[in-house]
Every structure is written in structure tokens, then in C-alpha cells.
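Below is one structure; the comments refer to it alone.
The values are calculated or read from the model by the stated rules, or taken from the named source; none is laboratory data. No experiment lies behind these values; they were computed from the predicted model shown. Every residue, glycine among them, receives a Cβ derived from its backbone with ideal geometry; neighbour counts consider all protein chains shown. Protein only, heavy atoms only, side chains kept; ligands, DNA and RNA dropped before computing areas. Shrake-Rupley method; radii C 1.70, N 1.55, O 1.52, S 1.80 Å.
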Amino acid sequence: MKKWIVLLLGLGLGVVPLFAQNRPYDPAHSLGISFRSQENPYYWKNSPPYPGYWQQDVDYTMEVRLNTKTHTIAGHEILNYYNNSPDTLTFVYFHLYQNSFKKGSYLDLLRRTNGDYSIAKLSQKEEGGTRILKITDGLDRALKVSIDNTIMKVVLNRPLLPGDSTRFKIEFTTHFSKIPHRMKYNPSHGFDQFTATQWYPKISVYDRRFGWTTDQHLGHEFYGEFGTFDVKITLPQEFIVGATGYLLNRNEVLPPELMEKLKIENFKNKPFGEKPSVIVPHVDGKTKTWHYRAVNVHDFAWTADPSYRIGEVTLKSGVRVYAFAREWKASKWQDAAKFAAAVIQTYSRDIGPYGYHKMIVADADEGMEYPMITMDGGESPRYYGLFAHEEGHNWFYGMLGNNETYRAFEDEGFTQFLTSWSMERLVGRKIDQKTKKFPFKGVSRDRYRNFMAYLGIARLGYDAQLTTHSDWFENSVGYNSYRLVYYKTFTMLYNLQYVLGDSLFLKTLQKYFATWKFRHPYELDFRNVAIHTTHKDLNWFFDEWLNFTWSLDYAVKGVKNKKTDDGYLAEILVKRKGQMIMPIDLELTLADGSKKMVTIPVDYWSKSVPGIEVLPNWYGIGNLNRTYLAKVKVPSKVKSAQIDPSGRLGDWYRLDNRSGILPKIKVAKPFRSAEPPLDAYLLQWRPNAWFNDVDGVQLGIHLSGAYLNRFGMG
Ligand SMILES: [Zn+2]
């Protein structure tokens, strides 16, 4: 009881008293910062993105216990909720995400309509779900609730006025469902692993744009309020825990002598797959309580496994990067912390500084992001891309708190772009060696594959507006158009880079991050930052990429050279075959062997790149001005013209993107499944043998050809 009072007093002051002293802000020592204080540089009130902006604040304190026999987390949660909105609230909503893994849930019923009975088949013991045992206000008065599957409505006992706060006290249990999806029980080699995600009653976001978000959880994406999480997790003593937040009692639960034994380097020669050793034995009834505190986060996740071994790298910035690998995989996770650290460094340098003191990459057979911790899988070096992606989410999701349920492209698409951004820089050399065969020098394998994935979906007719609710994309067999949030956004961002030029594009991304980190941006906020940073009207760009399913398709129709007094006037006829409008970079190859770059803008603004000549703009829409005659003065004849040699333009059909009657032809080696080139017709052949009574055995060649044949685009 006493402990309880001390805890409440601490909460009343807005900060755990132990850390109340003021320290200069440093992500490596962010503990001293109270979320709602002037010292917190990330608190939205200290630098609102615009005057009048507001968002709600949360302050969670949880004490929970893991029952490894029943696979249940049980405990209580105290939530202080601050209403910074101009509205008086008489009720609030909570997410009970795990209820989607109960029989009869909306997710279950939806899956059944698609012939998926995975949830329907679960026994009661195997179902997931969060049960609310008790919910009261700060004065222990019961609150009226109604639960509709994953959404719980709570009616307040008194209206919550603007600027006021209220408290919820909740006793709950959450059961790990048998379906291993993000939150999961995942044993291996005789050791239990529990990964707890979206595991507690989490208040819905009430934001300045749409008010309450009450989406039922159908498996797609999350949204949360920023604030503080103080979490104590009690479990059998042998478990090693990785979680969001600062581990307050490290000396008690993970003292140096234990860390020494857990060092991943100790297991570098252990055969892959061999049963893990026991470092902390199980003793019935012996538990440890791991105590974490996280500031400036909108979620809290954790993973626990007795066989976790730990790699560690400290960056110059003070950020600690940990790899948690199961011992049986430790030999192939030796460079995990190092690579994960390099990823943090890359994004911190190029997008904006990482705002937390640590990052964990955990070996949890997953691919999912949470603040300061990502659940990963695989092994070196194949996990590089996964780390680059999930860590990237700590920028686009973690620090930029998008409403990703509503618009998944805002976090998934931007993160997909970041992934290839860091992969090109960190693993670039390896990629370049492999990509020699790719048609464009500047295009990495990663970029090529993302673009091809978008093209594959779009050209088969499953393109969709990116401004679509994450649950509303069409689930066609084999072509789930939800994946557009990754690949089409990825392509859009490369095309924005193509439109703006490298430095202005990067400046835009940085400005967006700096303005909106630890806030709740929407698509229009990115658009707004882009327009104000570049001083260019980009509405046409965002409209056509986000709100339509138009095709992007340009062609070079012909080249003529007219003799002039001091050289030639080249006339290059370019055609817009698709509906989308984009500026066109043209590379001209002259008879004297030199090259000349020109660009055709779509309005009165053009990127300024040294050595690139800007031509008069091409105003066109629908069937207005389908063609454009580029006139360029050149010292010798133009032999050929090529649209976008950088390979960034998301053109759907590139065989006609260069002048000449015949497209490039590439001959593939027999029996190899070649990746179809973007700018060439692929010929494939294989020797054939057949037999008939008249001729006996005959040998021949089977020849087939196609453009981008992987998607049936003959
Ligand atoms: Zn993602």
C-alpha cells in the first residue's frame, strides 16, 4: 500500500522523483527529462509545427507479471491522460489489439470470408485477447465501459475539460494467442520466447485533424499518443529481457558479471543450431523484475528469452545498439549490433538525429518495429535489409507518429525508401558488383526490385490510390495491393528526388523530420513542408502520385538535326503516352561522342543541376499537348536521345524511352531465370530435344521473348 502511494505521488509531480534533477538533454541520458517539461526538446509544446497545434499527452505506469505456464501477462496500468485539445471530452477510447485474435473477432470474420480459418479454429486456450478485470478513475470510482472487439469505449465520470487531465486505473490480462503474429510465444531448442507487442490497453489517439481514431484492428498498422512509459515486468529469473526504454535496475537484473557471460562473442564458434547452454537456471518461484522508463515514445514492446545473448556497440553520439540473439543462432549474429549501429548512424546523419538512447535488434523471427526495439529474424548478412527497414521505422513511425492505420504509406513507404537509402550506402559495394548487369548505373538492385514490384502490381491492373485506408486495399489472390504502400510510395519518393534534384529533395526530407518529429503528421503536412522548402508548387506531383492510378509513360518519337551557322539545331520529339505528367530529363548523345543533358520542366520551376540545360516548359493535361518538340543547339549532330538515364523516372514502358526503331535486346542465358531488364526486350532460349517416329531424335532451340515477362507483360 505504501509503495502505491509513493508511486502516485511521483506521478502527480509528472516525473519519478529520483530523476527530477535538471540535466542538459542528451539522448544517451534522457532519463532526467520529464516529458511535459521545457527541458524536453522533443515535447511538442516547446516547438509546435505551427501556432495552435496540439496533441494529447500520455503517462503510463504498468506493473505486470508473465505467467510462462498459461502464456498470460497480468497486471495493472495507471494512465494519466492530458487533454490538450480545445474540446471537452466526455468519453475516451482504448485499443485492445489482441482481441483481434479471439474467435468471432472482426479479423477472424474477415479472414473467414477469404477462406482463412486460422483464428476460427483456435480453442479457447489458444485464443489471444486482453481482458479488462477492473477499470476505475483516479479516485477508484468504477468507469462505464463498452467493448466492441478491439475498441473499448470508456465513459468518464466527469467531463475532461481542455487543459485538464484524468487518470485511469486498469487491471488486465493479455493472453498470447497460438497464432504467432507479432505478439507471440515462440519457443525454440527447448527455450521459451515471449514477445509482447500491442499487449496492454492503449488509449486511442485523439488528434487535431480527425478527433478519435476508432479503427478496429484488422492487422494493419498502429497509432499512438506520445508520452512516458514506466513499466515493471516480472518473469522467471532465467529470462533475458529486451524492451523499449531505459533499464532502470540494470545492476540488479543484468549486472556486469551476467553481461559478461551473455556476450555474443562468447558464442561465435558455437555450431549454428546447437542447443543453447543454461546461464541462469530456472528455480521454481524465483523471479526478476525488469524496470524500464521510456520518454518521448508512443508505444512499449518487449521480448524475453533465456537463450538471448547480447552484442553491443556504442556510437559516438552515446547511443547504445544491442543485438539480442538466441544462443543457437549467435554465431550468425556476430555483426548484428555493428550493422544496426551503422544504420542508426546513416539515418541520423542524412534524415535527422536518432532521439533515443538505445536501439535493440532482437532475434524474434519477426519483422516489426517498436520504439527503441525492432523484432527481427534471419541471419547475417541477409538480415541487413530487415534491420535497415525496421530501424528506419524509428524515424517514420517511431519519431514521426503517423496515423498509419489510416494512411500506411506515410510510414511503410517512407521506411521502404530509407531501407534502400541505407542499403545503397552501407552495402553498396556488394550491390554494385552484382548490379553491373543492370541497365542503369545509378540503380541498385534494391531500387530495381522495389520499382519492379510496384510495376508488377500496377501493370496487372491492381494499382490503387495511396490515399487509401490500410485495411481497404484489395486482397486479390497473389496480388495484395496493400503492398503498394511500400513500392508505390518508394517509387514516388524516387520520382520526387528526380523532380527536385538530390540536395533539395534531401533538404525536404530533413525539414519534414525536424518539423514533425514526436508529433502526428499527415500526408498534407509532408506536402506542405515540401512546397515551403522548395518554393515550388508540387500539388500536381502529390495529387497524381497519391490520389490517382494514372500510368507514367513517355516516349522519344524521333530526332532531327538542322544545320545552322555554328552547328546544329536538334529537334527531339517526345510523347506523353500515359496520363501522368513529369518533367523529362533527356540525355543526348552527339556524333562527336560527347553527351548533353537537357530537362523539360512542367511549370515555371526546374531543378538546377550544373551542366543541365533547362528548356521551355511543357504544359499538358489529358489530351492537351501530348507531344513536345525539344529544340537544342548542339555543336554536332544528335545521334540518339534517352529519357532519364538515372533510372529514377517511374516509366512503365521503357523500350521506347530512347530514339531508334529497334529497342535494345538482351539475350538471357538458358535455364537461368534472369531479372527482366527495364529498358530492353529479353530473349530467352533453351535447347530442345524431341522425338517422333519419322525423324527420330531431333535437336532444336526453343526461343521466347518478352518485355518485363515476369508479370506477363508480353
Ligand atoms: Zn515496415
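Report yes if T346 is of a type outside the set (D, E), at pLDDT 95 or above and away from the ligand (no atom under 16 Å from the Cβ), otherwise no. First the steps, then the outcome.
On the way: of a type outside the set (D, E): yes; at pLDDT 95 or above: yes; away from the ligand (no atom under 16 Å from the Cβ): yes.
Answer is yes for this residue.
One line per residue, one yes/no per condition, for (1) farther than 28 Å from T213 by Cβ; (2) surrounded by fewer than 17 Cβ atoms within 10 Å (Cβ to Cβ); (3) touching an Asp or Glu at 6+ places or on another chain (Cβ under 9 Å); (4) at pLDDT 95 or above:
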site	(1), (2), (3), (4)
A458	yes, no, no, no
L484	no, no, yes, no
M492	no, no, no, yes
K517	no, no, no, yes
N528	no, no, no, yes
W545	no, no, no, yes
Going through region 449-483 in order, the residues found to be in contact (Cβ under 8 Å) with a residue 60 or more places away in the chain and of a type in the set (A, V, I, L, M) are M452, L455, A458, L460, A464, L466
Every listed condition ((1) outside the structural domain of L262 (by TED's automatic domain parsing); (2) at pLDDT 95 or above; (3) away from the ligand (no atom under 14 Å from the Cβ)) holds for I431 save (2)
inquiry  = Within region 68-86, does at least one residue satisfy the condition of being touching a helix residue (DSSP H, G or I) at 6+ places or on another chain (Cβ under 7 Å), part of a loop (DSSP other than H, G, I, E, B) and not charged (D, E, K, R)?
reply    = no
Flagged in region 377-413 as more than 9 Å from the ligand (Cβ to nearest atom), part of a helix (DSSP H, G or I) and either open to solvent by 10 Å² or more (accessible area, probe 1.4 Å) or among the β-branched types (V, I, T) (or both), in numbering order, are Y384, G385, L386
Among residues of region 33-59 being in contact with a strand residue (DSSP E or B) (Cβ under 7 Å, 6 or more places away or on another chain) and charged (D, E, K, R), the residue farthest from F226 (Cα to Cα) is R36
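Just for strands (runs of 3 or more DSSP E) wholly inside region 96-193: which have at least 2 residues that are surrounded by 13 or more Cβ atoms within 10 Å (Cβ to Cβ) and in contact with a Ser or Thr (Cβ under 9 Å, 6 or more places away or on another chain)?
The strands (runs of 3 or more DSSP E) meeting that bar are 129-137, 151-160, 165-175.
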